[in-house]
């Protein structure tokens, strides 16, 4: 087995022995840590350098519970692909259109580089499972209330460079898909 030091030593020697550790891959499955590290030492084109100092700083700023929740959300099995959001106007007498909105969650504002967001909407079946979709992946799952409304709280990593996020809601039973809701953190 090759040690980490042996694998990075040629690269560090070529750079004059700087305290930079080069990794061949990102921290797979840990999007909060990747985003925070990318904000520390960006190199353009989505590339970034991880220094020991940046790694210690990032790990000290991100709450372990936020990392665990991000991993759980990212790795939650979801067997069915979700359809893209549809922008349809219902006919008179038809079921209501599904809606989705996003706002800062003032009850859970977050800290340490994490921003609390509330994703909410309606137009789903009572008690229906509602998936919150971002970039084609389920970010959260909740159940609609007795009126078909939903509200879910998400923790989003904020960085030095504002990032635009777009989410929509999809009802698993009805197949209804909401409008897109966007926010920047």
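The values are calculated or read from the model by the stated rules, or taken from the named source; none is laboratory data. Please read these numbers as outputs of a predicted model, since none were measured by experiment. All Cβ positions, glycine included, derive from the backbone under ideal geometry; neighbour counts span all protein chains shown.
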| request: Answer yes or no: is there a residue in the stretch 157-167 that is more than 26 Å from residue 65 (Cβ to Cβ), free of Cβ contacts under 8 Å to residues at least 60 places away in the same chain and surrounded by fewer than 15 Cβ atoms within 10 Å (Cβ to Cβ). | output: no
| Every residue from the stretch 134-156 that is surrounded by fewer than 17 Cβ atoms within 10 Å (Cβ to Cβ), touching a strand residue (DSSP E or B) at 6+ places or on another chain (Cβ under 9 Å) and at positive phi | 135
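Kindly check whether there is at least one residue in the stretch 81-100 that is modelled with pLDDT of 75 or more and in a strand (DSSP E or B).
So in the stretch 81-100, the residues modelled with pLDDT of 75 or more come out as 97-100.
Subset that is in a strand (DSSP E or B): 99-100.
Scanning the stretch 81-100, I find at least one residue that is modelled with pLDDT of 75 or more and in a strand (DSSP E or B), so the answer is yes.
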